[in-house]
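Trainee: Okay, here's the structure, questions in a sec.
The values are calculated or read from the model by the stated rules, or taken from the named source; none is laboratory data. In this text the structure is predicted, and so the values were computed from the model without any measurement. Cβ: placed from backbone, ideal geometry, glycine included. Neighbour counts: every protein chain shown. The accessibility values were calculated without ligands, DNA or RNA, using every heavy atom of the protein model including side chains. Shrake-Rupley method; radii C 1.70, N 1.55, O 1.52, S 1.80 Å.
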Amino acid sequence: MKKRILIIGAGISGLASALMLEKIGYKPVIFEKSDCSRNDGGGLTLWSNATDALHSMGLLEEIYQNSKVISESTLKTSSGQTLATIPLRELATKYGTHTVGILRANLHHILASNLKQTEIKKGYRLVDLKETNEEVIARFENGHEQAGDLLLGADGIYSAVRNKIFPNNSLRFSGYEAWRGISTYTDQYTKSGLAFEAWGNGMRFGFIPMSDSLVYWFATRNTSENLSEGQISKEQLTHTFREFVEPVPTVIKVTKEKDITRKVIYDLKPLQNWSKGRVLLIGDAAHPTTPNLGQGACMALEDAVILAQTLEKGNSISHTVKTFEDMRMDRAKFIVNSSWVLGKIAQIENKLFCDVRNRLVKIGPSIQRNSNFNRIIGHKIL
Ligand SMILES: Cc1cc2nc3c(=O)[nH]c(=O)nc-3n(C[C@H](O)[C@H](O)[C@H](O)COP(=O)(O)OP(=O)(O)OC[C@H]3O[C@@H](n4cnc5c(N)ncnc54)[C@H](O)[C@@H]3O)c2cc1C
(Lines give C-alpha, C1' and ligand atoms only; values in the text may rest on other atoms or scores of the structure.)
Protein backbone atom coordinates (compact mmCIF):
# COMPACT_ATOMS: atom_id res chain seq x y z
CA MET A 1 0.00 0.00 0.00
CA LYS A 2 1.18 3.53 -0.82
CA LYS A 3 2.45 5.63 2.07
CA ARG A 4 0.14 8.37 3.40
CA ILE A 5 1.98 11.63 2.77
CA LEU A 6 1.04 14.87 4.51
CA ILE A 7 2.45 18.11 3.15
CA ILE A 8 2.46 21.23 5.31
CA GLY A 9 2.35 24.37 3.14
CA ALA A 10 0.93 25.06 -0.32
CA GLY A 11 3.86 27.19 -1.48
CA ILE A 12 6.13 26.33 -4.37
CA SER A 13 7.77 23.34 -2.67
CA GLY A 14 4.50 21.92 -1.32
CA LEU A 15 2.67 22.16 -4.65
CA ALA A 16 5.64 20.96 -6.73
CA SER A 17 6.23 18.00 -4.40
CA ALA A 18 2.57 17.01 -4.55
CA LEU A 19 2.70 17.12 -8.34
CA MET A 20 5.75 14.88 -8.50
CA LEU A 21 4.29 12.50 -5.90
CA GLU A 22 1.12 12.18 -7.97
CA LYS A 23 3.26 11.14 -10.92
CA ILE A 24 4.48 8.10 -8.98
CA GLY A 25 1.05 7.12 -7.72
CA TYR A 26 0.67 8.95 -4.40
CA LYS A 27 -2.38 10.95 -3.29
CA PRO A 28 -0.88 13.49 -0.91
CA VAL A 29 -2.85 15.90 1.24
CA ILE A 30 -1.63 19.49 1.57
CA PHE A 31 -2.47 21.57 4.64
CA GLU A 32 -2.15 25.33 4.11
CA LYS A 33 -2.58 27.88 6.89
CA SER A 34 -4.03 30.64 4.74
CA ASP A 35 -7.51 30.61 3.27
CA CYS A 36 -6.59 31.76 -0.21
CA SER A 37 -3.83 31.18 -2.73
CA ARG A 38 -0.70 33.18 -2.13
CA ASN A 39 -0.28 36.02 -4.53
CA ASP A 40 2.32 38.16 -2.83
CA GLY A 41 5.98 38.60 -3.51
CA GLY A 42 5.74 39.78 -7.11
CA GLY A 43 7.94 37.82 -9.45
CA LEU A 44 10.74 35.32 -9.63
CA THR A 45 13.70 34.51 -11.79
CA LEU A 46 13.64 30.82 -12.59
CA TRP A 47 17.10 29.96 -13.81
CA SER A 48 17.87 27.09 -16.18
CA ASN A 49 18.24 24.63 -13.31
CA ALA A 50 14.64 25.39 -12.25
CA THR A 51 13.20 25.21 -15.76
CA ASP A 52 15.02 21.88 -16.10
CA ALA A 53 13.15 20.67 -12.99
CA LEU A 54 9.89 22.05 -14.44
CA HIS A 55 10.67 20.11 -17.62
CA SER A 56 10.82 16.93 -15.51
CA MET A 57 7.38 17.86 -14.17
CA GLY A 58 6.01 18.17 -17.71
CA LEU A 59 5.32 21.89 -17.25
CA LEU A 60 7.99 23.57 -19.34
CA GLU A 61 5.78 24.69 -22.24
CA GLU A 62 3.13 26.09 -19.88
CA ILE A 63 5.85 27.96 -18.01
CA TYR A 64 7.30 29.41 -21.22
CA GLN A 65 3.82 30.53 -22.31
CA ASN A 66 3.30 32.38 -19.04
CA SER A 67 6.70 33.98 -18.51
CA LYS A 68 9.38 35.91 -20.35
CA VAL A 69 12.56 34.27 -21.56
CA ILE A 70 15.51 36.31 -20.29
CA SER A 71 17.92 36.74 -23.17
CA GLU A 72 20.59 38.60 -21.27
CA SER A 73 21.31 39.62 -17.70
CA THR A 74 23.62 42.57 -17.07
CA LEU A 75 25.41 43.64 -13.94
CA LYS A 76 25.99 47.39 -13.87
CA THR A 77 26.74 50.28 -11.59
CA SER A 78 24.03 52.60 -10.33
CA SER A 79 25.27 55.13 -12.90
CA GLY A 80 24.68 52.65 -15.72
CA GLN A 81 28.22 51.43 -16.47
CA THR A 82 28.21 47.76 -17.52
CA LEU A 83 30.33 45.48 -15.33
CA ALA A 84 29.40 42.07 -16.73
CA THR A 85 26.88 40.50 -19.07
CA ILE A 86 25.50 36.95 -18.99
CA PRO A 87 24.20 35.84 -22.43
CA LEU A 88 21.40 33.67 -21.05
CA ARG A 89 19.65 32.91 -24.33
CA GLU A 90 22.94 31.64 -25.74
CA LEU A 91 23.61 29.64 -22.58
CA ALA A 92 20.20 27.97 -22.84
CA THR A 93 21.58 26.04 -25.81
CA LYS A 94 24.21 24.60 -23.49
CA TYR A 95 21.90 24.06 -20.51
CA GLY A 96 18.87 22.82 -22.48
CA THR A 97 16.29 25.17 -20.97
CA HIS A 98 15.84 28.93 -20.68
CA THR A 99 16.00 31.26 -17.70
CA VAL A 100 12.66 33.05 -17.32
CA GLY A 101 11.06 35.88 -15.37
CA ILE A 102 7.63 34.86 -14.06
CA LEU A 103 4.89 36.27 -11.90
CA ARG A 104 4.91 34.25 -8.68
CA ALA A 105 1.12 33.91 -8.94
CA ASN A 106 1.52 32.33 -12.41
CA LEU A 107 3.92 29.70 -11.10
CA HIS A 108 1.56 28.92 -8.19
CA HIS A 109 -1.39 28.67 -10.56
CA ILE A 110 0.42 26.37 -13.00
CA LEU A 111 1.55 24.04 -10.21
CA ALA A 112 -1.85 23.99 -8.46
CA SER A 113 -3.94 23.60 -11.61
CA ASN A 114 -1.94 20.54 -12.66
CA LEU A 115 -2.75 18.69 -9.45
CA LYS A 116 -5.34 15.95 -10.01
CA GLN A 117 -5.18 13.65 -6.99
CA THR A 118 -4.10 16.03 -4.25
CA GLU A 119 -6.47 17.47 -1.71
CA ILE A 120 -5.54 20.98 -0.55
CA LYS A 121 -7.01 21.84 2.84
CA LYS A 122 -6.96 25.59 3.38
CA GLY A 123 -7.20 27.28 6.76
CA TYR A 124 -5.12 24.52 8.38
CA ARG A 125 -2.25 25.97 10.39
CA LEU A 126 0.04 23.30 11.80
CA VAL A 127 0.65 23.84 15.50
CA ASP A 128 1.98 20.51 16.74
CA LEU A 129 3.45 17.17 15.75
CA LYS A 130 3.47 13.79 17.45
CA GLU A 131 5.22 10.64 16.33
CA THR A 132 4.57 7.00 17.23
CA ASN A 133 6.35 3.92 15.86
CA GLU A 134 3.72 3.56 13.16
CA GLU A 135 2.82 7.08 12.15
CA VAL A 136 3.19 10.83 12.47
CA ILE A 137 0.24 12.92 13.64
CA ALA A 138 -0.13 16.57 12.68
CA ARG A 139 -2.30 18.83 14.82
CA PHE A 140 -3.81 22.02 13.47
CA GLU A 141 -4.98 25.26 15.06
CA ASN A 142 -8.58 24.46 14.11
CA GLY A 143 -8.44 21.33 16.30
CA HIS A 144 -8.16 18.87 13.42
CA GLU A 145 -5.65 15.99 13.63
CA GLN A 146 -4.30 13.98 10.73
CA ALA A 147 -2.11 10.88 10.76
CA GLY A 148 0.32 9.94 8.00
CA ASP A 149 3.34 7.79 7.23
CA LEU A 150 5.54 10.72 6.18
CA LEU A 151 5.13 14.43 6.84
CA LEU A 152 6.81 16.97 4.58
CA GLY A 153 7.51 20.35 6.13
CA ALA A 154 7.12 22.68 3.14
CA ASP A 155 6.12 25.63 5.26
CA GLY A 156 8.76 28.13 4.29
CA ILE A 157 11.48 30.13 6.00
CA TYR A 158 9.53 30.54 9.28
CA SER A 159 8.73 26.80 9.30
CA ALA A 160 6.66 25.61 12.25
CA VAL A 161 7.65 22.05 11.35
CA ARG A 162 11.36 22.92 11.59
CA ASN A 163 10.79 24.61 14.93
CA LYS A 164 9.12 21.45 16.20
CA ILE A 165 11.84 19.01 15.14
CA PHE A 166 14.85 21.33 15.57
CA PRO A 167 13.80 23.88 18.19
CA ASN A 168 17.31 25.24 18.70
CA ASN A 169 17.93 26.96 15.42
CA SER A 170 17.43 30.58 14.59
CA LEU A 171 17.48 32.56 11.39
CA ARG A 172 20.56 34.56 10.41
CA PHE A 173 20.06 38.29 9.78
CA SER A 174 21.66 39.37 6.48
CA GLY A 175 22.16 43.06 7.24
CA TYR A 176 19.84 44.27 4.47
CA GLU A 177 16.19 44.63 3.51
CA ALA A 178 14.46 44.30 0.16
CA TRP A 179 11.50 45.92 -1.52
CA ARG A 180 9.80 44.05 -4.30
CA GLY A 181 7.43 45.49 -6.85
CA ILE A 182 5.54 44.51 -9.98
CA SER A 183 4.20 46.87 -12.59
CA THR A 184 2.97 47.09 -16.13
CA TYR A 185 5.83 48.69 -17.97
CA THR A 186 7.09 48.49 -21.53
CA ASP A 187 10.46 49.42 -22.93
CA GLN A 188 13.31 47.80 -24.83
CA TYR A 189 14.32 45.89 -21.68
CA THR A 190 10.98 44.17 -21.27
CA LYS A 191 10.42 43.59 -25.00
CA SER A 192 13.85 42.02 -25.50
CA GLY A 193 13.92 40.13 -22.19
CA LEU A 194 16.85 42.09 -20.79
CA ALA A 195 17.29 41.76 -17.04
CA PHE A 196 19.76 43.78 -15.02
CA GLU A 197 21.04 44.29 -11.53
CA ALA A 198 22.58 47.67 -10.68
CA TRP A 199 24.98 48.01 -7.74
CA GLY A 200 25.28 51.23 -5.77
CA ASN A 201 26.90 51.82 -2.38
CA GLY A 202 25.11 49.48 0.02
CA MET A 203 22.14 49.39 -2.35
CA ARG A 204 21.02 47.38 -5.36
CA PHE A 205 18.21 47.49 -7.88
CA GLY A 206 17.17 44.46 -9.95
CA PHE A 207 14.90 44.48 -13.00
CA ILE A 208 13.35 41.28 -14.41
CA PRO A 209 10.90 41.31 -17.34
CA MET A 210 7.96 38.88 -16.91
CA SER A 211 6.32 39.67 -20.27
CA ASP A 212 6.68 42.35 -22.96
CA SER A 213 4.77 44.71 -20.70
CA LEU A 214 5.24 43.47 -17.15
CA VAL A 215 8.24 43.93 -14.88
CA TYR A 216 9.29 42.57 -11.51
CA TRP A 217 11.87 44.59 -9.62
CA PHE A 218 13.64 44.44 -6.30
CA ALA A 219 15.63 47.02 -4.39
CA THR A 220 17.90 46.33 -1.42
CA ARG A 221 19.41 48.57 1.23
CA ASN A 222 21.56 47.91 4.30
CA THR A 223 19.60 48.10 7.51
CA SER A 224 19.84 47.22 11.18
CA GLU A 225 18.18 44.15 12.67
CA ASN A 226 14.77 44.20 14.29
CA LEU A 227 13.62 47.10 12.18
CA SER A 228 9.94 46.27 12.36
CA GLU A 229 8.51 45.28 9.01
CA GLY A 230 6.72 48.23 7.53
CA GLN A 231 5.91 49.96 4.33
CA ILE A 232 7.83 52.84 2.81
CA SER A 233 6.23 55.45 0.59
CA LYS A 234 7.07 55.58 -3.09
CA GLU A 235 8.52 59.04 -2.56
CA GLN A 236 10.88 57.73 0.14
CA LEU A 237 11.89 54.84 -2.11
CA THR A 238 12.51 57.15 -5.06
CA HIS A 239 14.59 59.37 -2.81
CA THR A 240 16.57 56.43 -1.41
CA PHE A 241 17.44 55.18 -4.92
CA ARG A 242 18.01 58.62 -6.44
CA GLU A 243 21.59 57.81 -7.53
CA PHE A 244 20.32 55.07 -9.88
CA VAL A 245 19.89 56.03 -13.54
CA GLU A 246 16.96 55.18 -15.82
CA PRO A 247 14.95 53.06 -16.08
CA VAL A 248 15.07 52.76 -12.26
CA PRO A 249 13.29 56.05 -11.34
CA THR A 250 10.58 55.49 -13.96
CA VAL A 251 9.99 51.89 -12.92
CA ILE A 252 9.52 52.93 -9.28
CA LYS A 253 7.29 55.79 -10.39
CA VAL A 254 4.92 53.63 -12.45
CA THR A 255 4.54 50.98 -9.73
CA LYS A 256 1.42 51.28 -7.61
CA GLU A 257 2.16 51.62 -3.91
CA LYS A 258 0.01 48.53 -3.15
CA ASP A 259 2.26 46.44 -5.41
CA ILE A 260 5.38 47.20 -3.39
CA THR A 261 6.26 44.94 -0.45
CA ARG A 262 9.16 45.06 1.94
CA LYS A 263 11.05 42.24 3.60
CA VAL A 264 14.02 42.12 5.97
CA ILE A 265 16.31 39.40 4.60
CA TYR A 266 17.28 36.33 6.61
CA ASP A 267 18.60 32.87 5.87
CA LEU A 268 19.50 29.86 7.99
CA LYS A 269 23.04 28.61 8.50
CA PRO A 270 22.95 25.20 6.74
CA LEU A 271 21.53 22.48 8.98
CA GLN A 272 23.21 19.10 9.52
CA ASN A 273 19.90 17.27 9.04
CA TRP A 274 16.55 18.01 7.48
CA SER A 275 14.69 15.09 8.99
CA LYS A 276 13.69 13.50 12.22
CA GLY A 277 11.84 10.20 12.16
CA ARG A 278 8.90 10.49 9.78
CA VAL A 279 9.28 14.23 9.27
CA LEU A 280 11.31 15.74 6.41
CA LEU A 281 11.87 19.41 5.60
CA ILE A 282 11.92 20.63 1.99
CA GLY A 283 12.22 23.99 0.22
CA ASP A 284 12.72 27.07 2.37
CA ALA A 285 11.82 25.12 5.51
CA ALA A 286 15.03 23.09 4.98
CA HIS A 287 17.38 25.60 3.35
CA PRO A 288 16.16 29.20 3.35
CA THR A 289 18.65 31.32 1.45
CA THR A 290 19.24 35.01 0.84
CA PRO A 291 17.84 36.00 -2.57
CA ASN A 292 21.17 37.11 -4.09
CA LEU A 293 21.43 34.16 -6.47
CA GLY A 294 17.66 33.93 -7.04
CA GLN A 295 17.78 30.24 -6.14
CA GLY A 296 15.30 29.64 -3.29
CA ALA A 297 12.33 28.68 -5.44
CA CYS A 298 14.65 27.02 -7.97
CA MET A 299 15.95 24.70 -5.23
CA ALA A 300 12.41 24.03 -4.02
CA LEU A 301 11.54 22.78 -7.53
CA GLU A 302 14.67 20.62 -7.64
CA ASP A 303 13.78 19.18 -4.20
CA ALA A 304 10.38 18.08 -5.50
CA VAL A 305 11.86 16.08 -8.38
CA ILE A 306 14.53 14.41 -6.24
CA LEU A 307 12.04 13.59 -3.51
CA ALA A 308 9.84 11.70 -5.97
CA GLN A 309 12.89 9.88 -7.31
CA THR A 310 13.87 8.71 -3.84
CA LEU A 311 10.32 7.72 -2.85
CA GLU A 312 9.82 5.81 -6.09
CA LYS A 313 12.48 3.32 -5.03
CA GLY A 314 9.99 2.09 -2.42
CA ASN A 315 12.41 1.89 0.50
CA SER A 316 11.61 2.48 4.16
CA ILE A 317 10.87 6.04 5.36
CA SER A 318 14.20 6.25 7.17
CA HIS A 319 16.10 5.13 4.08
CA THR A 320 14.13 7.50 1.84
CA VAL A 321 14.74 10.61 3.92
CA LYS A 322 18.42 9.75 4.35
CA THR A 323 18.83 9.29 0.58
CA PHE A 324 17.07 12.61 -0.05
CA GLU A 325 19.40 14.39 2.37
CA ASP A 326 22.45 12.74 0.81
CA MET A 327 21.38 13.86 -2.64
CA ARG A 328 20.47 17.44 -1.74
CA MET A 329 22.42 18.73 1.25
CA ASP A 330 25.77 19.54 -0.37
CA ARG A 331 24.15 21.48 -3.18
CA ALA A 332 21.84 23.43 -0.87
CA LYS A 333 24.73 24.23 1.48
CA PHE A 334 26.85 25.44 -1.42
CA ILE A 335 24.07 27.71 -2.72
CA VAL A 336 23.09 29.12 0.70
CA ASN A 337 26.73 29.94 1.54
CA SER A 338 27.55 31.33 -1.94
CA SER A 339 24.46 33.53 -1.83
CA TRP A 340 25.40 34.77 1.63
CA VAL A 341 28.91 35.75 0.49
CA LEU A 342 27.61 37.37 -2.70
CA GLY A 343 25.22 39.44 -0.58
CA LYS A 344 28.09 40.68 1.57
CA ILE A 345 30.04 41.75 -1.55
CA ALA A 346 27.05 43.29 -3.31
CA GLN A 347 25.99 45.28 -0.24
CA ILE A 348 29.39 46.89 0.42
CA GLU A 349 28.71 50.48 1.41
CA ASN A 350 32.15 52.15 1.53
CA LYS A 351 32.60 54.07 -1.73
CA LEU A 352 36.27 53.23 -2.13
CA PHE A 353 35.65 49.52 -1.61
CA CYS A 354 32.71 49.69 -4.02
CA ASP A 355 34.97 51.17 -6.70
CA VAL A 356 37.56 48.43 -6.19
CA ARG A 357 34.86 45.76 -6.23
CA ASN A 358 33.35 47.11 -9.43
CA ARG A 359 36.74 47.30 -11.15
CA LEU A 360 37.53 43.69 -10.18
CA VAL A 361 34.18 42.49 -11.54
CA LYS A 362 34.74 44.41 -14.77
CA ILE A 363 38.23 43.07 -15.50
CA GLY A 364 37.56 39.59 -14.09
CA PRO A 365 36.72 36.48 -16.14
CA SER A 366 33.21 36.30 -17.59
CA ILE A 367 30.57 35.03 -15.18
CA GLN A 368 29.44 32.25 -17.52
CA ARG A 369 32.96 30.75 -17.47
CA ASN A 370 32.86 30.64 -13.67
CA SER A 371 32.60 27.01 -12.56
CA ASN A 372 30.46 27.97 -9.54
CA PHE A 373 27.96 29.73 -11.81
CA ASN A 374 27.78 26.64 -14.02
CA ARG A 375 27.45 24.39 -10.99
CA ILE A 376 24.39 26.37 -9.87
CA ILE A 377 22.61 27.29 -13.10
CA GLY A 378 23.73 24.42 -15.29
CA HIS A 379 22.72 21.73 -12.79
CA LYS A 380 20.84 18.84 -14.42
CA ILE A 381 18.31 17.08 -12.27
CA LEU A 382 18.19 13.71 -14.07
C1 LIG B 1 13.24 39.35 -1.95
C2 LIG B 1 13.19 37.91 -2.40
C3 LIG B 1 13.38 37.62 -3.75
C4 LIG B 1 13.39 36.30 -4.19
N5 LIG B 1 13.62 36.03 -5.50
C6 LIG B 1 13.72 34.76 -5.92
C7 LIG B 1 14.00 34.45 -7.29
O8 LIG B 1 14.12 35.34 -8.13
N9 LIG B 1 14.12 33.14 -7.65
C10 LIG B 1 14.00 32.12 -6.75
O11 LIG B 1 14.15 30.95 -7.13
N12 LIG B 1 13.69 32.39 -5.45
C13 LIG B 1 13.56 33.65 -5.02
N14 LIG B 1 13.23 33.92 -3.71
C15 LIG B 1 13.04 32.78 -2.78
C16 LIG B 1 11.66 32.16 -2.90
O17 LIG B 1 10.69 33.16 -2.68
C18 LIG B 1 11.51 31.05 -1.88
O19 LIG B 1 12.66 30.25 -1.88
C20 LIG B 1 10.29 30.17 -2.18
O21 LIG B 1 9.11 30.90 -2.06
C22 LIG B 1 10.28 28.98 -1.23
O23 LIG B 1 9.12 28.22 -1.46
P24 LIG B 1 8.53 27.32 -0.28
O25 LIG B 1 7.35 26.64 -0.87
O26 LIG B 1 9.59 26.49 0.31
O27 LIG B 1 8.09 28.35 0.84
P28 LIG B 1 6.94 29.45 0.78
O29 LIG B 1 6.82 29.99 -0.60
O30 LIG B 1 7.22 30.41 1.87
O31 LIG B 1 5.62 28.64 1.10
C32 LIG B 1 5.35 28.15 2.40
C33 LIG B 1 3.86 27.90 2.53
O34 LIG B 1 3.61 27.31 3.79
C35 LIG B 1 2.50 27.94 4.41
N36 LIG B 1 2.66 27.81 5.87
C37 LIG B 1 3.56 28.45 6.66
N38 LIG B 1 3.42 28.04 7.93
C39 LIG B 1 2.42 27.12 7.95
C40 LIG B 1 1.82 26.34 8.97
N41 LIG B 1 2.22 26.42 10.25
N42 LIG B 1 0.82 25.49 8.65
C43 LIG B 1 0.39 25.40 7.36
N44 LIG B 1 0.93 26.13 6.34
C45 LIG B 1 1.94 26.96 6.63
C46 LIG B 1 2.59 29.40 3.92
O47 LIG B 1 1.35 30.07 4.03
C48 LIG B 1 3.03 29.19 2.47
O49 LIG B 1 1.94 29.01 1.61
C50 LIG B 1 13.18 35.23 -3.26
C51 LIG B 1 12.94 35.54 -1.91
C52 LIG B 1 12.95 36.86 -1.49
C53 LIG B 1 12.70 37.15 -0.03
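Trainee: Under 17 Å between alpha carbons: how many lysine pairs meet that in region 226-382, if sequence neighbours fewer than 8 apart on the same chain are excluded?
Mentor: So the count works out to 11.
Trainee: To continue, here is another question. Exactly which trypsin sites (Lys or Arg not before Pro) in region 272-373 are in a DSSP loop and have at most 16 other Cβ atoms within 10 Å?
Mentor: Qualifying residues, ordered by number: K313.
Trainee: Another question, then. Once the Cβ-Cβ distance between N168 and Y266 is put in as r, and R0 is 22 Å, what FRET efficiency do you end up with, to the nearest 0.05?
Mentor: 0.85
Trainee: Jot down the radius of gyration and Dmax of region 184-226, Cα atoms only, both in angstrom.
Mentor: My reading of the Cα-based Rg and Dmax gives 12.7, 40 Å.
Trainee: About the Cα centre, and with charges only on the beta carbon of Lys, Arg (+1) and Asp, Glu (-1), how big is the dipole of region 264-382? Nearest 20 debye, please.
Mentor: Dipole size: approximately 340 debye.
Trainee: Continuing with the same structure: Quick query: amide H of M210 versus all other amide H atoms, modeled in the peptide plane; which residues come in under 5 Å with a sequence gap of 5 or more or a different chain?
Mentor: V215, Y216
Trainee: Calculate the spin-label point distance for K122 paired with C36, positioning each point 7 Å from the Cα along the beta-carbon direction, and give it in nanometres.
Mentor: Output for this residue pair reads 0.8 nm.
Trainee: Roll a 1.4 Å probe over the protein heavy atoms and report the accessible area of H379 in Å², nearest 10.
Mentor: 60 Å²
Trainee: Follow-up. Through the Karplus equation 6.51 cos²θ - 1.76 cosθ + 1.60, θ set to phi - 60°, convert the phi angles of region 366-371 into ³J(HN,Hα) values in whole Hz; use x for Gly and Pro.
Mentor: Result, ordered by residue: 4, 4, 5, 8, 5, 5 Hz.
Trainee: Follow-up. log₁₀ I(q)/I(0) of the chain at q = 0.11, 0.12 Å⁻¹, via Debye over equal Cα point scatterers, no solvent, to two decimals?
Mentor: -0.77, -0.91
Trainee: Among L19, C354, L91, whose Cα lies farthest out toward the positive end of the dipole of the chain, if unit charges sit on the beta carbon of Lys, Arg (+1) and Asp, Glu (-1)?
Mentor: It is C354.
Trainee: For region 1-118, please report how many Lys pairs fall under 16 Å Cα to Cα, leaving out neighbours fewer than 8 apart on the same chain.
Mentor: Going through region 1-118 pair by pair, I get 6.
Trainee: I'd like the distance separating the alpha-carbon centroids of region 107-183 and region 295-349, in whole Å.
Mentor: 17 Å
Trainee: Could I ask something else about it? Report the residue, chosen from N370, N49, N273, that carries the largest GNM mean-square fluctuation when the chain is represented by alpha-carbon nodes joined by springs under 10 Å.
Mentor: In this elastic network of the chain, the residue with the biggest mean-square fluctuation among N370, N49, N273 is N370.
Trainee: When only C-alpha pairs under 8 Å and at least 6 residues apart count, what is the relative contact order of region 235-379, in percent?
Mentor: Contact order relative to length: 20 percent.
Trainee: Using a Gaussian network model of the chain whose springs link C-alpha atoms within less than 10 Å, name the residue from S275, S159, S318 with the highest mean-square fluctuation.
Mentor: Evaluated over the chain, the most mobile residue of the options is S318.
Trainee: Report the label-to-label distance for E225 and D259 in nanometres (one decimal), using points 7 Å from each Cα along the Cα→Cβ vector.
Mentor: Modelled inter-label distance: 3.5 nm.
Trainee: Same structure, new question: Please compute the net charge surrounding I24, taking Lys and Arg as +1 and Asp and Glu as -1 over other residues with Cβ under 14 Å from its Cβ.
Mentor: Taking every other residue near I24 into account, the sum is +4.
Trainee: Do any trypsin sites (Lys or Arg not before Pro) in region 67-116 lie in a loop, going by DSSP, with at most 10 other beta-carbon atoms within 10 Å of their beta carbon, and if so which?
Mentor: Those satisfying the criteria are K116.
Trainee: Another question, then. Using only Cα atoms, tell me the angle between helix 296-312 and the longest principal axis of the chain; keep it within 0 to 90° and round to the nearest 10.
Mentor: Helix 296-312 and the main axis of the chain meet at about 30 degrees.
Trainee: Got the relative contact order for the chain handy, in percent, Cα pairs under 8 Å and 6 or more residues apart?
Mentor: 23 percent
Trainee: Taking the Cβ of R357 as the centre, find all other residues whose Cβ is under 15 Å away and add up their charges (Lys, Arg: +1; Asp, Glu: -1).
Mentor: For residues surrounding R357, the net value is +3.
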